Amino acid sequence: MMKKTVGILIGMLSAITLLCVVVLPQSSVLASKGADDGFEIRNGILASYKGSERSITIPSNVTEIGPEAFCNSKIEAVTIPGSVKRIGSRAFYGSKGLYRVIIQEGVQEIGMSAFSFCTDLDRAVIPASVRKIEAGAFSYCSVLSTLEISPENRSYFFNDGVLYNHDSTQLVQYLAGRKAGTYQMPFSIKKVEPYAFWGASFLTDVDIANNVKVIGPYTFANCVGLKSIYLPESVREIKENAFYGCTNLSYVGTELSSVKTDDNAFKDCAKDLKTEGGVSRHSYSTAQASEPKENDIEISSVAKGASSSGSVTVINEISRSSVPGTEEIPEINMKGPSGLLGATKIVNGNALVILSENKAENASEQER
């Protein structure tokens, strides 16, 4: 009887030992997988990805994909779960092999230039929950011709290769992969976002709605097929680099006697470009903002020590940018106290041209 009891005890101990041997290595493997998945997450924000997988799903504990988290990455497909509320600016910028983006219900915002220069992207799914898509989110995606937007989305409307806001008063993105050469803007459009037509190489002719007042920065940049454009009477200003790199653009006209036109509005266009009416290639300048150097900070010598009420101080600070049409898209300061890059603010009796968000904050402090 004693021998039988001892045998049973030995058998039980052997089973427990075997269970430990099996279970412990499995836990070790899971921990190793968590350490090697390549996602760097800080307080719910995905900061970067160092993994080797080409088709990935963002982890469910991520609430935001940080700015430039996948910039110039080699991933090919990504699924973004509803736990993520915001896709940061330039998050997937320049990921040239990325061909599929699935954004699931729950995601609310897509940041500026989030998928710009994803030149292989041919499928993007946007759910009903997305309520904010910032400027240039899908700019220069060369083959992207459609967006699969949920019919339940109440913030955006997509038709024939073009993304509009819900009531078609704002043109958000003209997809570069749209093959049609001509485009007639709906009469209801009042605003065209910066970068809206960036890289639309198939575009040859466009009719701008008669409610649009400003052609913003880089709006038609690198539309190499665009040959001529006639601006409606509503357009009163053409911003910097609006038609940058439109190498075949030979004519721009308007019936207005005066249109405020930045010196760089037609930079690197055809040398024989003809302008008529109030459009001029040399109207006003924003401190040559088209070719900033990385982390460049420049204060004009005139501004130093200027004290008369008519003096102008120019502060220029633009980082992580380069010549358009290459690897990076220059960023636009959308948060300055007076709005877009290039806004003017009066500080101590001087006119201050704001070209940097940081300098704008300093200017406000000086004013106080």
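Okay, residues lined up against (1) farther than 14 Å from I103 by Cα; (2) outside any loop (DSSP other than H, G, I, E, B):
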| position | (1), (2) |
| --- | --- |
| S48 | yes, yes |
| G51 | yes, no |
| I56 | no, yes |
| S60 | no, no |
| E68 | yes, no |
| C71 | yes, no |
| I75 | yes, no |
| T79 | no, yes |
| R90 | yes, no |
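Quick check on R178: is it out of contact with any Lys or Arg (no Cβ under 8 Å at 6 or more places or on another chain), at pLDDT 95 or above and charged (D, E, K, R)?
Working: out of contact with any Lys or Arg (no Cβ under 8 Å at 6 or more places or on another chain): yes; at pLDDT 95 or above: yes; charged (D, E, K, R): yes.
Considered against the rule, which asks whether it is out of contact with any Lys or Arg (no Cβ under 8 Å at 6 or more places or on another chain), at pLDDT 95 or above and charged (D, E, K, R), R178 comes out as yes.
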Options G161, G225; residue that is at pLDDT 95 or above, touching a Cys at 6+ places or on another chain (Cβ under 9 Å) and not aliphatic (A, V, I, L, M)
G225
Counting only residues in region 212-231 that are without any contact (Cβ under 8 Å) to a residue 40 or more places away in the chain and part of a loop (DSSP other than H, G, I, E, B), the one farthest from S113 (Cα to Cα) is identified as K227
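The values are calculated or read from the model by the stated rules, or taken from the named source; none is laboratory data. Everything numeric here is computed off the predicted structure, so don't read it as measured data. Glycine gets a Cβ as well: all are built from the backbone with ideal geometry, and neighbour counts include every protein chain shown.
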